[in-house]
Structures are given as structure tokens and as C-alpha cells.
Amino acid sequence: MATMLYESMTPAQAADALDAFIAERPAALKQLRSTSAAHGGDPERMLDGSLDSVAPLWAWLTDRFTELGADPRTLDEDPTRETWPSWARHGMLVDPHPPAETLALVDGFTSYLTRIITAAVPGTQWLVGEHRIGTHPMLNYPLLASDHHQVFLPSMPLYSAYQSAHGRDPMGGTEMLAYLQRTITALRGEGPVADATEEPLVTVVAEVDCFDVGLRPDLAAQHPQTVEWMITELTDRDGVESVHRYGPDALVVDAPDWDETRLTLWCTLWLQRHLAR
């Protein structure tokens with residue numbers, strides 16, 4: 001099961017993957033502290049467990065991600081893959097991918113966010129992602145959850161790390177802090193994020209030579225400019241040949257080298273980031 005994607009796991013395999021993910025949390029945070037100290041930082045100050053620490057910590061991490069760039073090897077050729085955090089081995093990474101050091105930093109930041117969130121929202125717990133819609137993008141993933149909301153914590157930091165590695169627009173410290181605050185609010189059962197957890201933002205179906213992408217019905221009506229912005233950015237991605245909008249909530253995407261999982265995750269994470277702006 002070393003490189004099996006979460007989406008392909010049986011319930012028993014997903015439960016084992018969750019146990020592995022949880023077991024990695026303390027060591028990942030310890031490694032982040034060691035790395036910050038090795039680069040001249042003060043771990044006690046940088047990682048003091050406060051909300052105020054998140055923005056400067058993420059700004060420092062983003063600078064490191066930019067310096068590290070993308071690994072020149074393909075995923076299949078990268079010998080460090082077996083040393084990656086379990087969520088990176090089982091998740092949908094694509095080339096050009098961030099190097100092992102970047103993934104380790106994202107892993108440590110995930111552990112740090114866990115510490116902050118669980119202190120702010122007592123009663124949250126890790127569980128295997130389930131959903132009544134089988135193609136839900138977090139199915140089988142290790143999710144931090146309350147009765148109101150669930151989140152795969154590495155997703156947004158990894159998304160931004162990819163942005164840094166590819167020379168695109170990463171999330172700044174203030175933006176990451178705002179994302180964390182929205183997540184805490186949603187886990188408490190407050191705000192629009194918590195209200196919209198039952199239906200995925202996008203649903204992707206593979207057709208013969210394209211993908212049919214359905215948008216959640218409220219997006220076009222309430223966020224028309226954001227939807228157009230997403231279409232523009234998706235069209236500009238490597239491997240995407242065209243994006244055609246044939247209805248308010250419907251797209252046809254021609255991306256021969258992509259698959260349903262990659263397209264679903266990209267659209268979901270892009271929307272999660274930009275709907276809050």
C-alpha cells in the first residue's frame with residue numbers, strides 16, 4: 001500500500017492509512033522545529049501555538065518553498081518518495097512536484113495547524129473521510145473533523161507549495177492565517193463554510209475524450225466573476241487544452257494527461273482559496 005492513492009483504498013486500508021498519518025504528527029512537528037532552528041529561527045517563538053504565529057511562520061515557509069523549487073525528477077524517478085509523509089505518498093501529486101524537503105515542511109506545518117485547531121476547537125478528532133457521493137474529493141483521506149466540518153489539513157499548504165515551486169502566486173502569511181481562521185470557524189459550526197459542507201464544490205465525470213465538470217449550483221449565481229477567473233486559470237494550466245462553459249454550472253475540460261482526481265482536487269482547492277477573497 002506504499003503508493004496506493006486514497007481514492008483506491010478499501011475501508012480497512014483507509015483506516016490503516018489514518019493510523020499511519022496520526023502516528024507521524026509528533027515527529028513532523030519536531031522536524032519543523034529543528035529545521036527552523038537550523039536556519040537561524042527561534043522555534044519557541046516561531047511555533048508558540050498562537051494564531052499570531054501562523055502568518056510569519058507561513059511567510060518563512062513560503063520563502064523556503066520558493067528557494068527549493070520543483071524536483072527535477074519525475075515522480076517515478078524520485079528515490080526519496082518512500083521517505084515522504086504518508087499523505088503525500090497516498091495523495092494525488094503531479095509533476096513537476098515539490099522536493100522531499102518541501103513536503104516535510106508542509107507535513108510539519110500540518111502538525112502545527114493541528115495543535116492550534118484542536119486547542120481552539122475541543123472535541124475535534126481525526127477520522128477517515130466518507131461521503132454519500134462516492135466521488136467526493138476527500139473520500140478515504142485523513143480528516144480533522146467536528147460535528148460541523150471536516151478538513152484535510154495538508155491540502156491548502158500543499159496547494160500553495162506547488163504554486164511556489166511553479167513560480168505562480170502562493171498564499172501569503174495573512175491569507176494562510178485567514179484560511180485557518182475560517183477553518184476554525186467552520187469546525188465550530190459557524191459561517192458559510194460549515195453551511196456548505198454537504199455538497200462538493202465540483203463534480204467531475206470522465207467522458208470519452210474530455211471531462212464534464214459540474215459546479216455547485218450557488219457558485220455561478222453568487223460568485224460569477226470567481227467562476228470566470230477559475231476557468232481562465234484552469235485553461236492556463238499545463239496539460240489543459242481547452243475549457244468550454246456550456247451552461248451556468250457546467251464545463252467541458254479537454255485535458256488528455258489529467259484524470260478525474262487531479263481535476264477535482266485542483267478545482268476544489270482553487271475555489272476554496274479564492275471564494276474567500
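For segment 231-252, the criterion of being in a loop (DSSP other than H, G, I, E, B), touching a residue at least 60 places away in the same chain (Cβ under 8 Å) and surrounded by 13 or more Cβ atoms within 10 Å (Cβ to Cβ) is met by none of the residues.
Picking from residues in segment 79-92 that are touching a residue at least 60 places away in the same chain (Cβ under 8 Å) and among the hydrophobic types (A, V, I, L, M, F, W, C), the one that is nearest to PRO142 (Cα to Cα) is TRP87. Would you confirm, using the coordinates I've provided, whether GLY91 is among the small types (Gly, Ala, Ser) and within 23 Å of THR203 (Cα to Cα)? Yes; evaluated as a whole, the condition is true for this residue. Entry remark, segment 186-200: residues being at pLDDT 90 or above and either outside the structural domain of SER155 (by TED's automatic domain parsing) or hydrophobic (A, V, I, L, M, F, W, C) (or both) number 2 in total. Applying a threshold of 6 Å to beta carbon distances and a minimum spacing of six or more residues, or different chains, the list of pairs starting in segment 55-73 at a residue that is part of a helix (DSSP H, G or I) and ending at one that is buried (at least 21 other Cβ atoms within 10 Å of the Cβ) and among the β-branched types (Val, Ile, Thr) reads PHE65/THR102; LEU68/THR102.
Within segment 224-272, if we keep just the residues that are among the aliphatic types (A, V, I, L, M) and within 18 Å of MET92 (Cβ to Cβ), the residue that is modelled with the lowest pLDDT turns out to be LEU265. Against the condition in the same structural domain as MET92 (by TED's automatic domain parsing), touching a residue at least 40 places away in the same chain (Cβ under 8 Å) and closer than 25 Å to SER146 by Cβ, how does THR183 come out, does it pass? Taking the combined requirement at face value, the residue satisfies it. Name the single residue that is surrounded by the most Cβ atoms within 10 Å (Cβ to Cβ) among those in segment 202-217 being of a type outside the set (S, T, N, Q) and closer than 16 Å to TRP270 by Cα. By that ranking, first place goes to VAL204. All conditions but one from (1) within 19 Å of GLN163 (Cα to Cα); (2) at pLDDT 95 or above apply to LEU75; the one that does not is (2). Those residues that are surrounded by fewer than 15 Cβ atoms within 10 Å (Cβ to Cβ), at pLDDT 95 or above and not hydrophobic (A, V, I, L, M, F, W, C), I need them from segment 17-41; list them, please. Across segment 17-41, the qualifying residues are ASP19, PRO26, LYS30, SER34. Between PRO137, PRO96, which is buried (at least 23 other Cβ atoms within 10 Å of the Cβ), in contact with a helix residue (DSSP H, G or I) (Cβ under 9 Å, 6 or more places away or on another chain) and not in a helix (DSSP H, G or I)? The match here is PRO137. Applying a threshold of 6 Å to beta carbon distances and a minimum spacing of six or more residues, or different chains, the list of pairs starting in segment 4-20 at a residue that is under 11 Å from SER86 (Cβ atoms) and touching a residue at least 12 places away in the same chain (Cβ under 8 Å) and ending at one that is polar (S, T, N, Q) and part of a helix (DSSP H, G or I) reads ALA20/SER86.
The values are calculated or read from the model by the stated rules, or taken from the named source; none is laboratory data. Everything numeric here is computed off the predicted structure, so don't read it as measured data. Cβ sites come from the backbone with ideal geometry, for glycine too, and all protein chains shown count toward neighbours.
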